[in-house]
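What follows is one structure encoded as structure tokens, with my remarks underneath.
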Amino acid sequence: MIDTLGFIGTGIMGAPMVWRLLGAGLKVIVYNRTTAKSQALVSGGAMIAISAQELARQCDTIILMLSNDDAVREVVSDFKSDLKPGSTIIDCSTLSPSASVAMADMLAEVNVRYIDAPVTGSRPQAEVGELAFLIGASESSVQRFVPLFQAMGKRMFFLGDVGRGTTAKAINNMVVAVNLAVFAEALSLASACGLREEDFLDIVRQSGAHSAMIEHKGPRIVSRNFEPHFALKLMHKDAALVQKLASEHRQWTPLLDAVEQVYRKAAAEVDGGRQDVGSVYLMYLQGQGR
Ligand SMILES: NC(=O)c1ccc[n+]([C@@H]2O[C@H](COP(=O)([O-])OP(=O)(O)OC[C@H]3O[C@@H](n4cnc5c(N)ncnc54)[C@H](OP(=O)(O)O)[C@@H]3O)[C@@H](O)[C@H]2O)c1
């Protein structure tokens, strides 16, 4: 059983994940750098810690849901000396595999276990508990945490060693990144050729070109709804980290290289990448003076 569960990072994904844990009857202590983003969780029974260090002193299991390598490094360095020996950190953030292995090594020094468990699915799936967890551990070694994963998700993939979860996540996001970018590029061309965006989206949906990504993002792009479910700058972060992974493994990845440039340019040109990843489409429109 988990005695006291901590959760750090109540952003777009973290907040609905905490709601699911509270709904499953767990006692959760939360901390978020921007305090306002965790206040609403108090009405669901969450307790708020005033710092990551305070949370670390009280919890024997801590879930992280933070932006990137730097955010996790910063939080872990800040609270490392406050963690209870024997406690466990479950990191659901999308990190580079090398950073997750470095975290595991660093935390082992203070007798704290680190598990990488990034997720697939976005805010809608987090809200209804339908995330999938890509877990860098064997099933038998994480049995006591399974109820947590089940509260927040519907699938668990047990991938063995630390770093395998983040590896699988990064490579899966490569498919997602290319898929969405080619749809935006094709939609822009279709529109430039005089086709109605709605019609082209419908045609894609009826064809072999369709995907879950297009199902979710296509209508939002066509209606210009870019309220962030997954920020464009995070997609660029993911493209860059899988590019680094590919380079470490000396892989030829021409599509990935092209798509990393697409998201890099879009994150720089479209509202600093703060809007939803679907706003990559605005860059195509701007490029054509539309
Ligand atoms: N959104 C999705 O669809 C989705 C899907 C799968 C995986 N992911 C991954 O899940 C993670 C979270 O994504 P999200 O969409 O929830 O992002 P988000 O809304 O931007 O949340 C990021 C969280 O990280 C915190 N943070 C960032 N830098 C920090 C720092 N230096 N110190 C302390 N806290 C820091 C933020 O705190 P503040 O509130 O103070 O900024 C916030 O709580 C990312 O790794 C993302 O790639 C996202």
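The values are calculated or read from the model by the stated rules, or taken from the named source; none is laboratory data. The structure displayed is predicted, hence computed values, not measured ones. Positions of Cβ are backbone-derived with ideal geometry, glycine not excepted, and every protein chain shown enters the neighbour counts.
Whether a residue is over 14 Å from the mean Cα position of the chain (by Cα), at pLDDT 95 or above, buried (at least 16 other Cβ atoms within 10 Å of the Cβ) and charged (D, E, K, R) was assessed, and R144 does not pass this test.
Inspect all residues belonging to the range 259-281 and state whether any of them is assigned to a helix (DSSP H, G or I), closer than 19 Å to S93 by Cα, of a type in the set (A, V, I, L, M, F, W, C) and within 18 Å of the chain's Cα centre (by Cα). Spell out how you get there, then give the answer.
Let us first name the residues in the range 259-281 that are assigned to a helix (DSSP H, G or I), namely 259-269, 271-273, 277-281.
Narrowing the set further to residues that are closer than 19 Å to S93 by Cα leaves 273, 277.
If we keep only those that are of a type in the set (A, V, I, L, M, F, W, C) too, we end up with 277.
If we keep only those that are within 18 Å of the chain's Cα centre (by Cα) as well, we get 277.
Yes, the range 259-281 contains at least one residue that is assigned to a helix (DSSP H, G or I), closer than 19 Å to S93 by Cα, of a type in the set (A, V, I, L, M, F, W, C) and within 18 Å of the chain's Cα centre (by Cα).
In the range 56-76, the residue that is surrounded by the fewest Cβ atoms within 10 Å (Cβ to Cβ) out of those that are assigned to a helix (DSSP H, G or I) and more than 12 Å from the ligand (Cβ to nearest atom) is R57. Can you name every residue in the range 78-101 that is within 11 Å of the ligand (Cβ to nearest atom) and under 16 Å from F7 (Cα atoms)? Scanning the range 78-101 gives D78, F79, D91, C92, S93, T94.
Cβ-Cβ contacts under 8 Å between residues 6 or more apart (or on different chains), taken from a first residue in the range 156-184 that is without any contact (Cβ under 8 Å) to a residue 40 or more places away in the chain to a second residue that is surrounded by fewer than 21 Cβ atoms within 10 Å (Cβ to Cβ) and of a type in the set (D, E), are listed as M156/E139; F158/E139. Looking only at the range 1-47, count how many residues are part of a loop (DSSP other than H, G, I, E, B) and either more than 8 Å from the ligand (Cβ to nearest atom) or touching a residue at least 60 places away in the same chain (Cβ under 8 Å) (or both). The total comes to 14. Annotation note: Cβ proximity below 6 Å between a residue of the range 110-138 that is in contact (Cβ under 8 Å) with a residue 40 or more places away in the chain and a residue that is away from the ligand (no atom under 15 Å from the Cβ) and part of a helix (DSSP H, G or I) (sequence gap 6+ or interchain) occurs for Y114/A104; Y114/L107.
When L187 is tested against (1) surrounded by fewer than 15 Cβ atoms within 10 Å (Cβ to Cβ); (2) touching a helix residue (DSSP H, G or I) at 6+ places or on another chain (Cβ under 8 Å), only condition (1) is not met. Of all residues in the range 108-132, those being in contact with a Leu (Cβ under 6 Å, 6 or more places away or on another chain), within 11 Å of the ligand (Cβ to nearest atom) and among the aliphatic types (A, V, I, L, M) number 1.
Considering only the range 195-251, give the helices (runs of 4 or more DSSP H) lying wholly within it that have at least 1 residues that are within 12 Å of the ligand (Cβ to nearest atom). Don't jump to the end; show me each part of the working.
Working: elements: 197-205, 212-222, 232-248.
Filter on the range 195-251 gives 212-222, 232-248.
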